[in-house]
Amino acid sequence: MGTALNYGVCHNTMSDNGSDKINVVNTLFLVLTPIASILGLWWHATAYGVTWVEPVLFVIWYFACGLSITVGYHRLFSHRSHEASWPLRLFYALFGAGAFENSALNWCADHRLHHRHTDTPEDPYSASRGFWWSHILWVMIDEGGERVHDLSQVKDLQQDPILRFQHRFYLVIAVGVGMFLPALIGGLIAGVPGAVGGFVWAGLARTVFTHHGTFLINSAAHIWGTQPYGDANSSKDSPILAFLTFGEGYHNFHHTFQSDYRNGHRWYHFDPSKWWIKAFSLIGLKQGLKSTPDWHIEDKRRQASFESAAIAAGTDETRDLTGIQERMKNARSNFKRQSRALDKLLVERHGARKERQAARRQELEDAIAKLSDDIAAIRTEFAQIMNDLTLGKPMMA
Ligand SMILES: [Zn+2]
Ligand SMILES: [Zn+2]
């Protein structure tokens, strides 16, 4: 990471250089916004009464700012999971600032470090330092007495004039879009009560909800849930969290397949960010959506369940797992080879359909049927391997 664009030293070395300090601005903001929200909601309700205007503005701002973080800051800018046209990038830059989670460049620099060094001291919000550190304390405490965002992580994003502009005028945009604009719109609809309501509901209270939604991904999604794709790091899948965070709760999937535009990869997984990206791609405002092939996901899942079953079986010292590990290795490599071959044939079949080559089409159909049978046989072998492993069959090589 030591380059000319490195704006500071790494997180793990920072604390050696100076003592940790409370970041007064961040801390006051994070502590005062919930208090001001509760007082403001109560005062506004008693002084003016709540109409339809306030909840509607709240929901619009909650979605606009929340999706700008999950789709914009996270899946588009941090992970380059797809491409988006400039009006959408501008929207994410404006409403992402309104989420009060720093400029996109700073946010993505931290997030890329989080993925590169998950759970280690160089991870800015490492879950191995406990729930509260990863949830909120990392924002409140400047390690080594200085807040550092390693912008060498985001040189590609610095090429985007929209992101450079947003970085430069972050605070003005944040206050303007996140607080002033809902007040202005509330005021235009319903005068002073609407303006105060817009500010309190869609500005203050919405900011608190947006904050803690994001924070839960750094904390809870690294503590509670399942690990269907492996335990190489602490990330977890949790449908409940996905419900609260525009789909970001499938975090074990996300850490395993970072550049996938989906976090909930199945059609029924609750992932509004994925649906948003897909919808805009259908009208041409997004392109190049990256998604992991199903067989690759299946392979990772099978490997993960084999490994956890092997750990359980491995505690029995009378068993030698070498043979079954070898069987698993062979089955996986066959599965991957045949699945890749099948993908290729499916693409060819698509081309042949257009050209109306009947003979070639039949040839392809036969080859596809044969490969599909082979893959089904490998799946049976996978099931047999898991059976042998969990039922404790002797498995000498
Ligand atoms: Zn990520
Ligand atoms: Zn994570």
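Taken over the range 214-253, the criterion of being acidic (Asp, Glu) and within 15 Å of ligand 1 (Cβ to nearest atom) is satisfied by Asp237, Glu248.
One line per residue, one yes/no per condition, for (1) surrounded by fewer than 17 Cβ atoms within 10 Å (Cβ to Cβ); (2) of a type in the set (D, E, K, R); (3) over 30 Å from Thr226 (Cα atoms):
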| residue | (1), (2), (3) |
| --- | --- |
| His269 | no, no, no |
| Trp275 | yes, no, no |
| Lys290 | yes, yes, no |
| Trp295 | yes, no, no |
| Thr322 | yes, no, no |
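Taking first residues from the range 112-140 that are within 12 Å of ligand 1 (Cβ to nearest atom) and partners that are assigned to a loop (DSSP other than H, G, I, E, B) and charged (D, E, K, R), the Cβ contacts under 9 Å between residues at least 6 apart in sequence or on separate chains come to Arg112/Asp150; Leu113/Glu122; Leu113/Asp123; Leu113/Asp150; His114/Asp123; His115/Asp123; Arg116/Glu122; Arg116/Asp123.
Do we have Gly392 as open to solvent by less than 40 Å² (accessible area, probe 1.4 Å) and modelled with pLDDT under 80 here? Judged against the criteria, Gly392 is a match. Taking the stated definitions as given, is Ala331 modelled with pLDDT of 95 or more, open to solvent by less than 90 Å² (accessible area, probe 1.4 Å) and in a helix (DSSP H, G or I)? The answer is yes for Ala331.
Condition test on Gly230, is it in a helix (DSSP H, G or I) and surrounded by fewer than 24 Cβ atoms within 10 Å (Cβ to Cβ)? No. When the test is whether a residue is closer than 25 Å to His135 by Cα, touching a residue at least 24 places away in the same chain (Cβ under 8 Å) and surrounded by fewer than 16 Cβ atoms within 10 Å (Cβ to Cβ), Ser259 passes it.
Taking the criterion of being within 13 Å of ligand 1 (Cβ to nearest atom) and open to solvent by 20 Å² or more (accessible area, probe 1.4 Å), would at least one residue in the range 91-100 satisfy it? Checking the range 91-100: not a single residue is within 13 Å of ligand 1 (Cβ to nearest atom) and open to solvent by 20 Å² or more (accessible area, probe 1.4 Å). Within the range 78-86, is there a residue that is within 14 Å of Gln153 (Cβ to Cβ), surrounded by 21 or more Cβ atoms within 10 Å (Cβ to Cβ) and within 14 Å of ligand 1 (Cβ to nearest atom)? Yes, there is a match, as at least one residue in the range 78-86 is within 14 Å of Gln153 (Cβ to Cβ), surrounded by 21 or more Cβ atoms within 10 Å (Cβ to Cβ) and within 14 Å of ligand 1 (Cβ to nearest atom). For Val192, indicate whether it is buried (at least 17 other Cβ atoms within 10 Å of the Cβ) and over 17 Å from the mean Cα position of the chain (by Cα). Considered against the rule, which asks whether it is buried (at least 17 other Cβ atoms within 10 Å of the Cβ) and over 17 Å from the mean Cα position of the chain (by Cα), Val192 comes out as no. Inspect the range 195-213 for any residue being under 30 Å from Thr51 (Cα atoms), within 16 Å of ligand 1 (Cβ to nearest atom), part of a helix (DSSP H, G or I) and under 13 Å from the mean Cα position of the chain (by Cα) and give the result as yes or no. Yes, because at least one residue in the range 195-213 is under 30 Å from Thr51 (Cα atoms), within 16 Å of ligand 1 (Cβ to nearest atom), part of a helix (DSSP H, G or I) and under 13 Å from the mean Cα position of the chain (by Cα). Checked against the criterion of being in a helix (DSSP H, G or I), of a type in the set (A, V, I, L, M) and under 22 Å from Gly178 (Cα atoms), the range 235-246 contains one or more residues that satisfy it.
For first residues located in the range 34-55 and touching a residue at least 24 places away in the same chain (Cβ under 8 Å) and under 17 Å from Ala190 (Cα atoms), partners that are aliphatic (A, V, I, L, M) and surrounded by fewer than 13 Cβ atoms within 10 Å (Cβ to Cβ) and lie 6+ apart or on another chain with Cβ distances below 9 Å form the pairs Tyr48/Val192.
Counting only helices (runs of 4 or more DSSP H) that sit wholly inside the range 51-164, those with at least 3 residues that are β-branched (Val, Ile, Thr), assigned by TED's automatic domain parsing to the domain that holds Phe253 and closer than 23 Å to Trp201 by Cα are 53-67.
The values are calculated or read from the model by the stated rules, or taken from the named source; none is laboratory data. These numbers come from a predicted model, not from an experiment. Here the Cβ is made from the backbone with ideal geometry for all residues, glycine too, and neighbour counts use every protein chain on show. Remember, those area values only see protein heavy atoms, side chains included, never the ligands or the DNA or RNA. Shrake-Rupley method; radii C 1.70, N 1.55, O 1.52, S 1.80 Å.
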